Amino acid sequence: MASFRLPQFRHALVSWAPVLKILAVLWLVLASFMVLPWLVLMLEQDPDAWAFGWSILIVMSSVVLGLMLTQRVPIELKPRHMFVLTTLSWVSICGFASLPLILGAPQLSFTDAVFESVSAITTTGSTILVGIERLSDGLKLWRGMMQWLGGIGIIVMAIAILPFLKVGGMRLFQTESSDWSDKVMPRTGGIAKATMTVYGGLTLAAMISYWLGGMLPLDAVVHGMTSLATGGFANSDASFGTYADKPLLLWLGSLFMLSGALPFVLYIRSVRGSPTALWCDQQVRGLLWLLLMVIALLTGYLIAQGRPAFDALTQVTFNVVSVVTTTGYASDDYTLWGPLAVTAFFYLTFVGGCSGSTSGGMKIFRFQVAIVMLFNQLRFLVHTNGVFAQRYNGSVLTDEVVRGVVAFSFFFFLTVAGLALGLAMLGLDFVTALSGAATAVANVGPGLGDIIGPAGNFATLPDAAKWLLCAGMLMGRLEILTVLVLLTPMFWRK
């Protein structure tokens, strides 16, 4: 039996060696980022330092093993490799990133640590931690760094990988970096480097702005990272509500959350000689108009309730931008604003920012494509023999893009419905189950209700519910279809 299985193992190792080699490199990057909080804790002589030391050792051991098994193997990625690599990279990094939370001062259970790391890496922002203020500086920094790493990973995935995989209509935003054949193209490295430069520059600008606005240095660093990553982890149980009395910080937060929700490719084009690239993009204009309309509506609603105009405008702007960009910060408990606000925020949970940004959700372009398809269908009903070209953002909507948008939208809501049903079967009430499923798949963070609303967290949920939500967060971040295709027998028969 052993002699029969050994050749099979060798064949599988050779077939999937490129995937393992790239995974090992990604784990190496993760381990290198763990060094910074480890050094901080060493300087502070904090006992959490040993937790990071052991975590780095475990990750590095996996790196060495992976590289040893794949030595002399060229990186030749075929299309089916990319589906497996995309999913395994996120799952494995979430697993390794949870180690300091298990070994460190919180001493979380395996379930809670994985939930926190999945929420961080996918930039969802849901948390099970209580008493965040009492965490060591190293763990606070690590929570922010996990979201920041997840944010850059999301951008590169959206720009360079998902269009190639033809997932969810992302082909519409194919760039030169998405032109894959049997090997990783050199241009991918160029676009990734430029993206990292823009992402790092905006993050640094956010950190400095927060610090000048009155935040403590560590808070400014962490909030700067989680704002651009549209992740929403804060250094306080009150989230951004700690700074609710500082309007300047709320407006700065709104600005940098919005910056993270815009297409990073357009930032690069703007820097390289097309200053109007952002405004000319139909996605960006659609997102801005949506934000303006919702902010105006809810601000008027709060003013009518007797709230001061500037305070209403500040709080509405911050919280609407936070939910639409899927950041998940909360500066106020908006579930107490009234039924209109609660309903509006539930709808906004699904929207998301632009493609090629750090935001989650359905992405604004899918709603715009759906509107184009709707009007085209209405014209066809009036002029049954007419031929109408469907165009979006200056490009013709091909059948491939339309199929991708329709398939993604269907499976997105099917995933939310299935996840909500599973949560309800575990005993969660309707509001908690439905909003929890929606916020997980859309990668938003807080849900609705007394348990997981903006004033609560996910700590009291049963372990089974946390695992379901982890699956929802990962599926939402990986555009659902990327994961579902791995569950089909035909994929593995290729």
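The values are calculated or read from the model by the stated rules, or taken from the named source; none is laboratory data. Please read all numbers here as calculations on a predicted model, not as lab measurements. With ideal geometry, Cβ positions are generated from the backbone for all residues, glycine too; neighbour counts draw on all protein chains shown. For accessibility, only protein heavy atoms count, side chains too; no ligands or nucleic acids. Shrake-Rupley method; radii C 1.70, N 1.55, O 1.52, S 1.80 Å.
Structural remarks
- Residue that is surrounded by fewer than 19 Cβ atoms within 10 Å (Cβ to Cβ), of a type in the set (A, V, I, L, M, F, W, C) and not in a loop (DSSP other than H, G, I, E, B), where the choices are LEU41, LEU101, LEU57, LEU85: LEU57
- Evaluation of ALA330 against (1) of a type in the set (A, V, I, L, M, F, W, C); (2) touching a helix residue (DSSP H, G or I) at 6+ places or on another chain (Cβ under 8 Å); (3) assigned to a loop (DSSP other than H, G, I, E, B); (4) open to solvent by 40 Å² or more (accessible area, probe 1.4 Å) (one fails), failing number: (4)
- SER236 vs. criteria outside any helix (DSSP H, G or I), surrounded by fewer than 22 Cβ atoms within 10 Å (Cβ to Cβ) and at pLDDT 90 or above: yes
- Checklist (1) among the aliphatic types (A, V, I, L, M); (2) open to solvent by less than 50 Å² (accessible area, probe 1.4 Å); (3) closer than 23 Å to VAL369 by Cβ; (4) more than 18 Å from the chain's Cα centre (by Cα) applied to ILE268, failing item: (3)
- Residue pairs whose Cβ atoms lie under 8 Å apart, sitting 6 or more positions apart in sequence or on different chains, and linking a residue in region 397-420 that is under 14 Å from LYS363 (Cα atoms) to a partner that is basic (Lys, Arg) and open to solvent by less than 60 Å² (accessible area, probe 1.4 Å), are VAL405/ARG366; PHE408/ARG366; SER409/ARG366.
- All positions within region 429-460 that are open to solvent by 10 Å² or more (accessible area, probe 1.4 Å) and free of Cβ contacts under 8 Å to residues at least 60 places away in the same chain: ASP429, PHE430, VAL431, LEU434, ASP450, ILE451, GLY456, THR460
- Filtered residue count, region 57-98, keeping only those that are at pLDDT 90 or above and touching a Pro at 6+ places or on another chain (Cβ under 9 Å): 0
- Among the residues of region 408-428, those that are of a type in the set (A, V, I, L, M) and either surrounded by fewer than 18 Cβ atoms within 10 Å (Cβ to Cβ) or within 21 Å of VAL284 (Cα to Cα) (or both) comprise LEU414, ALA417, LEU421, ALA424, MET425, LEU426.
- Output for region 381-407, where each listed residue is assigned to a loop (DSSP other than H, G, I, E, B) and open to solvent by 80 Å² or more (accessible area, probe 1.4 Å): HIS383, THR384, ASN385, VAL387
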